[in-house]
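A.B. asks: Right, I'll just put the structure down here and ask away after.
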Amino acid sequence: MSVNEGKELRIIGFLCNWCSYAGADTAGVGRFAQPTDLRIVRLPCTGRINPLFIVRAFMNGADGVLVSGCHPRDCHYSEGNFYARRRLEVLKALLPVIGVDPGRFEYTWVSASEGQRWRSVVTSFTEQVHALGPMPSFKSGTSLDMCLCQMDQTQVL
Amino acid sequence: MNIGVFVCHCGSNIAGTVDTEAVAKTALTFREVVFATDTMYACSEPGQAGIVDAIKTYDLDGVVVASCTPRMHEATFRRTLERAGLNKYMFEMANIREHVSWIGKDKEANTRKAEELVHMAVEKLRRNDYLEAGEFDINKRVMVIGGGVAGIQAALDCADGGLEVILVEREPSIGGKMSKLDKTFPTVDCSSCILGPKMVDVAQHPNITMYTLSEIESVKGFVGNFDVTVRRKAAYVDWDTCTGCGECTTKCPSKKTPDRFNEFIGQTTAINIPFPQAIPKKASINAEACLKLTKDKCGACAKICPTEAIRFDQQDELVNEQVGAIIAATGYDLFDFTKYGEYGGGRYPDVITSMQYERLLSASGPTEGHIKRPSDGAEPKDIVFIQCVGSRDKSIGRPYCSGFCCMYTAKQTILTKDHMPDSQSYVFYMDIRAPGKNYDEFTRRAMEEYGARYIRGRVSAIQPKNGRYLVKGADTLLGEQVEIEADLIVLAVGAEAAKGANELAEKLRISYDPYGFFMEGHPKLKPVETNTAGIYLAGSCQGPKDIPSSVAQGDAAAAKVLALFSKDKLASDPQVSNVKLVRCIGCGKCESVCPFGAIEMIDFRGMPKASVVETVCQGCGVCTAACPQGAIQLSHFTDNQILAEVNTLCL
């Protein structure tokens, strides 16, 4: 991975197609300047997110992970974001156990019209991750590594 | 696999802050990329021809286009691939415009980011599969929610086009805000004379079923096959037998019931027909005001009704309707004028809203068209109009322009002069916004021909003074304070999202903006579509609109529905979940989490297994994340594909 002379950190965004990805588009159309660290993975719904994707991202060296979906009750698929919220709450509690600072992970809701809000979410989250600095690397045998082994056994990789 | 990468300049939109040539060069180093180039406008005719040529020349199996958002042109490029004989799902897009070039000026960082996004797209594409769309039947009935002028227009167009239409209206009568207006700008047409015949057409059209006094309870299903439950609220009158004779309203003793239709400046009876031209012309009982329903006394209406239509024990009724498309035309509500304390709305009886004034002007209104002050019934002489009440004001969360207030205020000054030739109108305004056909001429007429005095500035206070009101304001053109003694003050209240709009949007699974107006699919190119297939918008529910625009949007939404229904079957999206039977342990987790009931448990050689009903699956992927075995995978967004993207970024 080419981490950009220390200026940028590796931040991954998992965005639902209908609200937050569109909100990020709205921010772009409005030319709302944002930090360049974030790389966005587009998904149909935050309900598609397996929390292990996020663990995997941290394991592989991501410095921060941001998830954003439709506001509760405004999900394109009715209730996908409710599933996401439960799963990600559990993940949040798990992160310190596996040695990841919970400040490196956040989930939020941004609608398709909220370009301004998207800008402020990205900006503040990027600042938050920069304040924590790069992710310390993991050696094999740590709890995070074991977690990944577990995942390899259960997921089709 | 042979992958081709096309990096779009989008003129200078992308190339201005991203080194597109460098991105294309780097892309050549990615695995299985055999061809990469930058191109001026990938979506243009020559741009697409270039992609088709490259597919043939380099024998490409998949294509990555790095350009704008896939929400814009994914469909365009998928068609390009089909033209070149490729499966259209062998395509990925890297969004290097909205997510890169437009949000940062650092060319180096942008270029690196663009390269990585292209790399992600390539890695995902390497794991894409050929997908084939199936077909499913559509129910060619349409539901129109909201019976204002936009909904009426949409319903009539659809019905004329041969579709069966269900029109649902919350109030007892269709007609919406337009039915409350006296005249319309800029022609000063009588509003009910032009709307009335359309309302009658709706009532008489054989293809239209009307549910008034009804609201949407729930919406299930998807384009082509929605299942809507409508709550028909109790009118306490059997509308099948009610003839609308109005006999009951003459005998009802509760004569001081607040009159919703007349914006609460008049009073009506507990059992009433909202206005003479109401469609359907049926009586309904206001349960809060009726003596029988509140105190179990009276029952005069039941005694007098010649058709014995009164039903005090009537309950709400739930009706199920299956439709293939839904048009939301729920309109707007008026700003609550009490939010500005300085104008005294709600405190001073003679400070009224523009809609209340409209009812005073109307011959069918509570004063039969004679302008009378609510306080003492006297005819006002000096009338002050204050514009932008609830528009263009950040401090109250209404930064937008409601668009039609300048025009209706001008109309009201003209009508005032017509009604009372010796009256004088004063208008406090911020700017005159009259950008329609004959609109500016109309405001000019109000000033020049009808002598309305326009004062550019805001009002700071209104104080009662000897039975009149002292209006204190600023004239910013003359740079001085002005004080006007007025008999009546009319506040030009702006439009805001209709009450309950958010809840309806959530039922329809469409988006709404921070003010509660429904979001169109694209602000320019999809003005009546929503992001949810099969749901369309008409009129002010999408944003404040005047009558011509609402009618035009009603027409447009109807055209969209007719186009959708011109096919007998719709192509299903093949991006649905699939079960690998060998991995499935039949735990049923996917079945329990699916929001659409698209998964059923089947018996496979004596073992329970999950099975996806492809036409019902909407492709959210909630099941995929729930499966402990990774056995159910959402096509096009499989675990492998998403992890490939994550790994590309991190490793």
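A.B. asks: Between residue B:132 and residue B:431, what length comes free when the chain is fully extended (0.36 nm per residue of separation minus the Cα-Cα distance, one decimal in nm)?
C.D. replies: Full-extension gain reported as 102.1 nm.
A.B. asks: How many percent of DSSP beta bridges within chain B run antiparallel, rounded to 5?
C.D. replies: Counting DSSP beta bridges with both partners in chain B, the antiparallel share is about 50 percent.
A.B. asks: Along the principal axes of its C-alpha atoms, what lengths does the protein assembly as shown span, in descending order and rounded to whole Å?
C.D. replies: 87, 72, 54
A.B. asks: Moving on. So what's the convex hull volume per residue for the Cα atoms of chain B, in Å³?
C.D. replies: Cα-based convex hull of chain B, divided per residue, equals 204 Å³.
A.B. asks: At q = 0.18, 0.20, 0.22 Å⁻¹, what is the log10 ratio I(q)/I(0) for the range B:265-370, with the Debye formula run over Cα points and no solvent?
C.D. replies: With one equal scatterer per Cα and no solvent, log10 I(q)/I(0) is -1.12, -1.16, -1.20.
A.B. asks: Counting Lys and Arg as +1 and Asp and Glu as -1, what is the net charge of the other residues whose Cβ lies under 13 Å from the Cβ of residue B:400?
C.D. replies: Taking every other residue near residue B:400 into account, the sum is +2.
A.B. asks: Apply the Karplus curve 6.51 cos²θ - 1.76 cosθ + 1.60, θ = phi - 60°, to the phi angles in the range A:58-69 and return the couplings in whole Hz, x for Gly and Pro.
C.D. replies: For the range A:58-69, the Karplus-derived couplings read 5, 4, 8, x, 5, 8, x, 10, 10, 10, 9, x Hz, x marking Gly and Pro.
A.B. asks: Another question about this same structure. Rounded to whole Å and ordered largest first, report the semi-axes of the equivalent ellipsoid of the range A:11-147 derived from its Cα gyration tensor (root of 5λ).
C.D. replies: The three semi-axes for the range A:11-147 are 25, 18, 11 Å.
A.B. asks: Could you work out the Kirkwood radius for the range B:215-269, taking every pair of different alpha carbons, averaging 1/r and inverting it, reported in Å?
C.D. replies: 14.6 Å is the Kirkwood radius here.
A.B. asks: On to the next question. Averaged over peptide B:517-523, how many Cβ atoms belonging to another chain are found within 10 Å of each residue's Cβ?
C.D. replies: 2
A.B. asks: Tell me, what is the FRET efficiency for residue B:568 and residue B:238 to the nearest 0.05, using R0 = 45 angstrom and their Cβ-Cβ distance as r?
C.D. replies: Using R0 = 45 Å, I get an efficiency of 0.70.
A.B. asks: In addition: Using 0.36 nm per residue of separation minus the Cα-Cα distance, give me the extension gain between residue B:502 and residue B:193 in nm, one decimal.
C.D. replies: So the chain would gain 107.9 nm between residue B:502 and residue B:193.
A.B. asks: Still on this structure, I have one more. Could I have the simple spin-label model distance between residue B:295 and residue B:320, label points 7 Å from Cα toward Cβ, reported in nm to one decimal?
C.D. replies: Label at residue B:295, label at residue B:320, 4.3 nm between them.
A.B. asks: For the protein assembly as shown, give the share of DSSP beta bridges that are antiparallel, in percent and rounded to the nearest 5; count only bridges with both residues there.
C.D. replies: Close to 45 percent.
A.B. asks: Run a plain Debye calculation on the range B:334-496 (Cα atoms as equal point scatterers, no solvent) and give log10 I(q)/I(0) at q = 0.12, 0.13, 0.21 Å⁻¹, rounded to two decimals, same order as the q list.
C.D. replies: -0.47, -0.56, -1.62
A.B. asks: Can I ask one more? On a C-alpha basis, how far is the centre of the range B:34-77 from the centre of the range B:80-152 in Å? Whole number, if you could?
C.D. replies: 13
A.B. asks: Show me the trypsin sites (Lys or Arg not before Pro) within the range B:92-122 that DSSP assigns to loop and that have at most 13 other Cβ atoms within 10 Å of their Cβ.
C.D. replies: In loop regions of the range B:92-122 (DSSP not H, G, I, E or B), the sparsely surrounded trypsin sites (Lys or Arg not before Pro) are B:105.
A.B. asks: Here's another thing I want to ask about it. Working only with C-alpha atoms, what are the Rg and Dmax values of the range A:20-79, expressed in angstrom?
C.D. replies: Expressed in Å, the Cα Rg and Dmax of the range A:20-79 come to 13.2, 35.
A.B. asks: Let me ask something else. Which whole-percent values make up P(r) of the range B:58-194 when all C-alpha to C-alpha distances are grouped in 10 Å steps starting at zero?
C.D. replies: Bin by bin from 0 Å, the calculated values are 10, 22, 16, 15, 20, 14, 2.
A.B. asks: If packing is taken as the average count of other Cβ atoms within 10 Å, what order do B:490-499, B:36-45, B:309-318 fall into, highest mean first?
C.D. replies: Ranking, from highest mean packing down: B:490-499, B:36-45, B:309-318.
A.B. asks: Using alpha carbons only, what's the Rg to Rh ratio of the range B:559-615 with Rh from Kirkwood?
C.D. replies: For the range B:559-615, the value is 1.17.
A.B. asks: From the cross-link list B:251/B:292; B:233/B:372; B:113/B:524; B:88/B:124, which pairs have alpha carbons spaced over 24 Å apart?
C.D. replies: Over 24 Å apart, Cα to Cα: B:233/B:372; B:113/B:524.
A.B. asks: Using a Förster radius of 60 Å, what is the FRET efficiency between residue A:86 and residue B:422 based on their Cβ-Cβ separation? Nearest 0.05, please.
C.D. replies: FRET efficiency, residue A:86 to residue B:422: 0.30.
A.B. asks: How high is the relative contact order of the range B:334-496? Use alpha-carbon pairs under 8 Å, at least six apart in sequence, and give a whole percent.
C.D. replies: 30
A.B. asks: I would also like to ask the following. Could you pull out which residues in the range B:476-509 have an amide N less than 18 Å from a spot 7 Å beyond the Cα of residue B:450, following the Cα-Cβ vector?
C.D. replies: Backbone N within reach: B:487-493.
A.B. asks: Which order do the peptides B:473-482, A:52-61 come out in when sorted by mean C-beta neighbours inside 10 angstrom, highest first?
C.D. replies: With the highest mean Cβ count within 10 Å placed first, the list reads A:52-61, B:473-482.
A.B. asks: Compute from the Cα atoms of the range B:412-523 the Rg and the Dmax, the latter being the longest Cα-Cα distance, and quote both in angstrom.
C.D. replies: For the range B:412-523, the Cα-based Rg and Dmax read 19.1, 55 Å.
A.B. asks: Using only the Cα atoms of the range B:589-630, what are the Rg and Dmax in Å?
C.D. replies: Spelled out, the Cα radius of gyration and Dmax of the range B:589-630 are 10.2, 29 Å.
A.B. asks: Additional query: So how much slack lies between residue B:53 and residue B:108, counting 0.36 nm per residue of separation and subtracting their Cα-Cα distance, in nm?
C.D. replies: 16.7 nm
A.B. asks: If you don't mind, another one. Applying 1/(1 + (r/R0)^6) with R0 = 45 Å to the Cβ-Cβ distance of residue B:82 and residue B:229, what FRET efficiency is obtained, to the nearest 0.05?
C.D. replies: 0.70
A.B. asks: Just want to confirm a number: the relative contact order over chain B, from Cα pairs under 8 angstrom separated by 6+ residues, in percent.
C.D. replies: So the answer I get is 13 percent.
A.B. asks: Turning to a different aspect of this structure: Can you list residues from other chains, or at least 5 along the same chain, whose modelled amide H is less than 5 Å from the amide H of residue B:5?
C.D. replies: B:35, B:36, B:37, B:64
A.B. asks: If you don't mind, there's one more thing I want to ask. With the crude spin-label approximation of a point 7 Å out along Cα→Cβ, what separation in nm comes out for residue B:461 versus residue A:137?
C.D. replies: With each label placed 7 Å out from Cα toward Cβ, I get 7.3 nm.
A.B. asks: Tell me, how many Å apart are the Cα centres for the range B:354-429 and for the range B:461-478?
C.D. replies: Cα centres, the range B:354-429 to the range B:461-478: 16 Å.
A.B. asks: Which percent, to the nearest 5, of DSSP beta bridges fully inside the range A:11-147 are antiparallel?
C.D. replies: 5
A.B. asks: Rounded to a whole number, what is D in µm²/s for the range B:313-384 from Stokes-Einstein with the Kirkwood radius over alpha-carbon pairs (10 °C, 1.306 mPa s)?
C.D. replies: Diffusion coefficient, whole number: 100 µm²/s.
A.B. asks: What shape does the range B:265-313 take by its C-alpha gyration tensor, where a ≥ b ≥ c are the square roots of the eigenvalues and a/c under 1.5 counts as rounded, a/b above b/c as prolate, and the rest as oblate?
C.D. replies: Taking the square roots of the gyration eigenvalues as a ≥ b ≥ c, the range B:265-313 is oblate.
A.B. asks: Next question. How would you rank B:129-135, B:596-602, B:267-273, B:233-239, highest first, on the average number of other Cβ atoms within 10 Å across their residues?
C.D. replies: B:267-273, B:233-239, B:596-602, B:129-135
A.B. asks: Another question, then. Please identify which residues in the range B:254-275 have an amide N closer than 17 Å to a label point set 7 Å out from the Cα of residue B:200, following the Cα→Cβ vector.
C.D. replies: Taking a point 7 Å out along Cα→Cβ of residue B:200, the residues of the range B:254-275 whose backbone N falls under 17 Å are B:275.
A.B. asks: Counting each DSSP H run of 4 or more residues in the protein assembly as shown as -39500 (n - 2.57), what helix-only mean residue ellipticity at 222 nm follows after dividing by all residues, to the nearest 500 deg cm²/dmol?
C.D. replies: Using -39500 (n - 2.57) per qualifying helix, the result is -9000 deg cm²/dmol.
A.B. asks: Follow-up. Just to check I understand the Karplus step: with θ = phi - 60° and J = 6.51 cos²θ - 1.76 cosθ + 1.60, what whole-Hz values come out for the range B:291-304, glycine and proline as x?
C.D. replies: 5, 5, 7, 8, 10, 6, 10, 6, x, 4, 5, 5, 6, 8
A.B. asks: A follow-up question, please. Against the 2.2 N^0.38 Å scaling, with N counting residues, where does the range B:97-149 land? I'd like the Cα-based Rg ratio to two decimal places.
C.D. replies: This ratio for the range B:97-149 stands at 2.18.
A.B. asks: While we're looking at this one, here's another question. Return the average number of partner chain Cβ atoms within 10 angstrom of each residue Cβ along peptide B:631-643.
C.D. replies: 4
A.B. asks: Give the Rg/Rh ratio for the range B:3-125, taking Rg as the radius of gyration of the Cα atoms and Rh as the Kirkwood radius, to two decimals.
C.D. replies: Rg/Rh for the range B:3-125 comes to 0.93.
A.B. asks: Report the trypsin sites (Lys or Arg not before Pro) located in the range B:363-395 that are in a DSSP loop and have at most 14 other Cβ atoms inside 10 Å of their Cβ, or state none.
C.D. replies: Within the range B:363-395, the qualifying trypsin sites (Lys or Arg not before Pro) (loop, at most 14 other Cβ atoms within 10 Å) are B:381.
A.B. asks: Across the range B:632-637, in residue order, what do the Karplus-derived ³J(HN,Hα) couplings come to in whole Hz, using 6.51 cos²θ - 1.76 cosθ + 1.60 with θ = phi - 60° and x for Gly and Pro?
C.D. replies: 9, 10, 7, 4, 6, 9
A.B. asks: Peptide A:52-58: average number of partner chain Cβ atoms within 10 Å per residue?
C.D. replies: 3
No value in this document is a laboratory result; all are computed from the given coordinates. Note that the structure is a prediction, hence the values are computed from the model and not measured. Cβ coordinates were reconstructed from backbone atoms using ideal geometry, including for glycine residues, and neighbour counts include every protein chain displayed.
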